[in-house]
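Report on the following structure.
What follows is calculated from the coordinates using simple rules that are stated; it is not laboratory data. Quick caveat, the model's predicted, so the values are computed rather than measured. Cβ: placed from backbone, ideal geometry, glycine included. Neighbour counts: every protein chain shown.
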Amino acid sequence: GRLARFQKSRSRADTETQRGNGDRAKETHRVDARPSPPAARWYRVCRFASRPVSRRPLPPCLNPQPHLFAKLSSSTMQARRKGRSFGGTSPTLLVVGAVVVFVFGFTLGRIPSQDPDNMAADLAPKAVEKNQPAQPCVPQPCVTIEEDPVKQRCEMDYWEAVSKREHGTMSNSHYMKIYTDFFGIDATFYDGKKFLDVGCGPRGSLEWAKTSVERVCVDPLARKYGLLGADAHDMVYVQAGVEEMPFPDNSFDVIASINNLDHVTNADMAMDELARVLRPGGTLLLIVEVHARPTMCEPRTFAWTLTDQLVARGFVVEKEWHTETSPKCKCGPTGRGVYQTCGTNSVVSCDTFDVSDPTPRDGFIGARLTKA
């Protein structure tokens, strides 16, 4: 029985070999009589003989789609076998290459010609834009000038002593005389003006100028002045040094610097800022104490030619005078034969400074200037 089954399976295998190879020589295959593994049974489903190698093409169920490059390679090999190759290149590759060349040429054709004249014309506007001056910006509060804390403490001690002496109610009625009579100006001059006082102190120096459209004070101690009653004044206090004021150019019609310039940290920067924020045709009112030697509260000393530095910054001097001050000038008794310090009143109460006297002493410069 085993021999009959073996012969029968041998005969079936030989028959299928003859059908698959046609006229080729009959092949003999060794067929194992043992049960086939699962993979072999799966191949039989696809009508393959259970033999190690088969030259029959794979059926559709086992023939995956080849990759594009595999297709090109296959078509190239077929063309070479059939003698239809063009210089060793398949027609498919020639078509693909032609398409690539066409697309590349079309893209280059759309690029404008870059002759030297056109390139210069295209680059010229960019060079102009790069070299355009920067737009002016609004100045910011003082960030580069550091106020001397010792000087500030000295000035606060002075104002606290004044406040204590006047019982906490510092008067400001005398300022109108300073801004009018001292400079030979009528009070109506300030009508509708934007008025700035630099280094004003805590007395409320511009409260009298009711007809001015803006009354602004700039002082590095402005916040501390609120403790002395400055927050109740009918004017605006701005905490900043005169060296870097937070205002745009040409912001004010009138600027007053009354006994302030000798207190600043940097006098050159202060004068530059005065020229910047004052509009053309505006008025600068200046009173400066000229010291024989610097002090803790007044560290800046000037020569009597101070106004020449302002003229160099675009100012025109309309009026200027130099006066003596204490102790050479007496400004009225306070009682028991004691005379008070003249201070700012020296510009109207004292005689002209005697330059022929070589004695080192203080004095005052008064000036009214106009910005050209």
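Find the percent of Cα-Cα distances in the stretch 231-303 that exceed 14 Å, and round it to a whole number.
65
At 37 °C and a viscosity of 0.692 mPa s, what translational diffusion coefficient does Stokes-Einstein give for the stretch 149-371, taking Rh as the Kirkwood radius over Cα pairs? Give it in µm²/s as a whole number.
On the way: Rh = 18.0 Å.
Here the translational diffusion coefficient equals 182 µm²/s.
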Can you find, among THR211, SER257, SER173, the residue farthest towards the positive end of the dipole of the stretch 138-270? Put +1 on the C-beta of Lys and Arg, -1 on that of Asp and Glu. SER173
Under 5 Å between amide hydrogens, which residues at least 5 positions from ASN266 or on another chain qualify, with H placed 1.01 Å from N in the peptide plane? none
Show log10 I(q)/I(0) for the stretch 240-372 at q = 0.17, 0.21 Å⁻¹, two decimals, from a solvent-free Debye sum over equal Cα scatterers. -0.91, -1.25
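Step by step: find N for the stretch 154-285, compute 2.2 N^0.38 Å, then divide the Cα radius of gyration by it. What's the final number? Spell out each step's value before the answer.
Values: Rg = 14.2 Å, N = 132, 2.2 N^0.38 = 14.1 Å.
Cα-based Rg divided by the globular estimate yields 1.01.
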Built amide H within the under 5 Å cut-off of CYS200, gap 5+: VAL218
For the table LYS193/LYS319; LYS210/LYS319; LYS164/LYS194; LYS224/LYS328; LYS164/LYS330, the rows whose alpha-carbon distance is greater than 31 Å are LYS164/LYS194; LYS224/LYS328
